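These notes concern the structure reproduced below.
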């Protein structure tokens, strides 16, 4: 089945070769439910030759799985004692929990819209936004990057301390009126 | 109780018989009771082979029942009577569940000062290599044939001669293997 095979076979389609190549790069997914069924089928001898060989190769690497298959085969022919009543009682409860569980829906309550609460909440939101804006502005104006260019922050603070803003010029108009 | 009798009762039903698990899976409480009484002994026997101490058996059996009915009997719904008998499947499930439960249990703690230093040495553990897709899905023979076809560029006649099998067997193995790989990629996409 070579591309230009000598046996006259139809050349393999590219997807087959590509699928084989890709499959060798992919890690096998773990499907536990499928694996449990495979092992049970192997223990029951219900697999064809290929599947039996596949599973045999897998359980050769997994001693737990090999033990499970061997135990299942042993138990299949065994006579077993009745279970302890405690085991049965507990198991029955486990099922009851599942079978009797149901979704409890919360009763749909009426949504009452009160104008006062609505106005109060919107006002509160607006006030919070204004406060947050003012606070952010205050913080931002104290940042180093906001001071005038060429002045270090410390220098600006010192200027403000020793060279305060021009004082108010107070004039005594009464005196001039006397002249 | 003979296990073979369990298979006749529930696992290996005839075509004209109703599915005994069907009623359970739609929430019939009596079916669960019937199921538990039928399979409790088998589950206990299966778990006993895994449990380190006899005192663990009851708890581990309970773990199995809880797992079976968890999430609306999700695991029980995966059982396929065409592939295995119910009792065999239950044995495999019980042992696997019990082993997982034992692994989850926290070991008894001991103050570190009370442990001799030589006991604290940890042997290097090589990580277990994960299986590639062909190892998980294909038989050794199928992998060998695909490898000869596509990696070694051999044709069917050459492969048949090398393996000492009929060319038709080579074609059949190739076909089955490709069906499996294709099915995987199809379901994956």
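The values are calculated or read from the model by the stated rules, or taken from the named source; none is laboratory data. Because the structure is a prediction, the values reported are computed rather than measured. Positions of Cβ are generated from backbone atoms using ideal geometry, with glycine treated the same way; all protein chains shown enter the neighbour counts.
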Exercise for the section: Only helices (runs of 4 or more DSSP H) wholly contained in the range B:96-175 count here; list those with 2 or more residues that are at pLDDT 85 or above and either closer than 18 Å to residue A:54 by Cα or within 11 Å of another protein chain (Cβ to nearest Cβ) (or both). Expected result: B:133-137, B:140-146, B:156-163
Handout entry: Options B:64, B:44: the member that is more than 7 Å from every other protein chain (Cβ to nearest Cβ) and buried (at least 23 other Cβ atoms within 10 Å of the Cβ)
Key = B:64
Fill in the blank from the handout: Being closer than 30 Å to residue B:151 by Cβ, surrounded by 15 or more Cβ atoms within 10 Å (Cβ to Cβ) and modelled with pLDDT under 95 narrows A:22, A:17, A:90, A:61 down to just A:17
Practice task
State whether the residues of the range B:52-63 include one that is part of a helix (DSSP H, G or I), more than 24 Å from residue A:65 (Cβ to Cβ) and touching a helix residue (DSSP H, G or I) at 6+ places or on another chain (Cβ under 6 Å).
Solution key: yes
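Conditions tested, residue by residue: (1) outside the structural domain of residue B:67 (by TED's automatic domain parsing); (2) buried (at least 16 other Cβ atoms within 10 Å of the Cβ); (3) touching a helix residue (DSSP H, G or I) at 6+ places or on another chain (Cβ under 8 Å); (4) touching a residue at least 24 places away in the same chain (Cβ under 8 Å).
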position	(1), (2), (3), (4)
B:114	yes, no, no, no
B:118	yes, no, no, no
B:123	yes, no, no, no
B:143	yes, yes, yes, yes
B:158	yes, yes, yes, no
B:173	yes, yes, yes, yes
Problem - Residue check, residue B:183 more than 8 Å from chain A (Cβ to nearest Cβ), over 16 Å from residue A:31 (Cβ atoms) and either part of a helix (DSSP H, G or I) or at pLDDT 95 or above (or both) - result: no
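Condition check ((1) at pLDDT 90 or above; (2) farther than 15 Å from residue B:92 by Cα) across all residues:
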position	(1), (2)
A:40	yes, no
A:52	yes, yes
A:55	yes, no
A:107	no, yes
Practice task
Among the residues of the range A:35-50, count how many are more than 7 Å from every other protein chain (Cβ to nearest Cβ) and surrounded by 13 or more Cβ atoms within 10 Å (Cβ to Cβ).
Solution key: 4
Problem - residue A:55 being closer than 21 Å to residue B:80 by Cα, assigned to a helix (DSSP H, G or I) and more than 8 Å from every other protein chain (Cβ to nearest Cβ) - result: yes
